[in-house]
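Below is one structure; the comments refer to it alone.
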Amino acid sequence: MAYSENLQDEAATIAFGKLLGEHCAGGARIFIKGDLGAGKTTLCRGILRAFGYEGAVKSPTFTLVEPYELTQQSIYHFDLYRLGNPNELEYIGIDEYFQAQNLCLVEWPERAADTLPPGDVEVLLSVSGKSRYILLHGMTVLGEAVCQKVFGSL
């Protein structure tokens, strides 16, 4: 089942990300898709805020992954936009990140082909004027439960 919401501005995108993060404690795989500038990293910033992280959140375009070892949760933020070949992910030990207890946020997951384990929640962000449109799809039982909780909280 798909769930959607209109996000009026950056603050709304961060707030939605925070709400999503609150329902991902304990680990999940969030695959985030959208064109350049659609708000993927902004959404990740909101998710990290749910776990008390207040620092800068930049897209790990060149390093591929930015780890956040927080008190309550290990979060790994991936940006695969510049990934040349999905096999490159083996060099960074991709399997070590995708443990059940970790929260993995993956921007541009489609660039990894079949190298990644399946996502729990697929997020699609699109630009609509000055606002953003977000569509969530639960891809696993865990993902569907997360989506229901998020949209039940709105």
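Bear in mind that the values in this text are calculations on the coordinates, not laboratory data. Not measured: the values here are computed from a predicted model. Glycine gets a Cβ as well: all are built from the backbone with ideal geometry, and neighbour counts include every protein chain shown.
What's the number of the condition residue 106 fails, among (1) free of Cβ contacts under 8 Å to residues at least 60 places away in the same chain; (2) buried (at least 19 other Cβ atoms within 10 Å of the Cβ); (3) of a type outside the set (Asp, Glu); (4) closer than 19 Å to residue 22 by Cα?
(1) is the only condition that residue 106 fails.
I'd like the full set of residues that are surrounded by fewer than 16 Cβ atoms within 10 Å (Cβ to Cβ) and either in contact with a helix residue (DSSP H, G or I) (Cβ under 8 Å, 6 or more places away or on another chain) or of a type in the set (A, V, I, L, M) (or both), limited to region 70-103.
Result: 70, 81, 86, 92, 100.
Among the candidates 120, 95, 79, which residue alone is more than 22 Å from residue 38 (Cβ to Cβ) and not hydroxyl-bearing (Ser, Thr, Tyr)? Explain how you work it out, then say what you get.
On the way: 120 fails: more than 22 Å from residue 38 (Cβ to Cβ); 79 fails: more than 22 Å from residue 38 (Cβ to Cβ).
Every option except 95 fails the conditions.
Inspect region 16-32 for any residue being more than 22 Å from residue 127 (Cβ to Cβ), buried (at least 22 other Cβ atoms within 10 Å of the Cβ) and among the charged types (D, E, K, R) and give the result as yes or no.
Yes: region 16-32 contains one or more residues that are more than 22 Å from residue 127 (Cβ to Cβ), buried (at least 22 other Cβ atoms within 10 Å of the Cβ) and among the charged types (D, E, K, R).
In this structure, does residue 114 turn out to be of a type in the set (Asp, Glu) and crowded, with 17+ Cβ neighbours inside 10 Å? I'd like the intermediate steps shown before the answer.
Values: of a type in the set (Asp, Glu): yes; crowded, with 17+ Cβ neighbours inside 10 Å: no.
For residue 114, the condition - of a type in the set (Asp, Glu) and crowded, with 17+ Cβ neighbours inside 10 Å - is not met.
State whether the residues of region 55-69 include one that is surrounded by 15 or more Cβ atoms within 10 Å (Cβ to Cβ) and part of a helix (DSSP H, G or I).
No, that holds for no residue.
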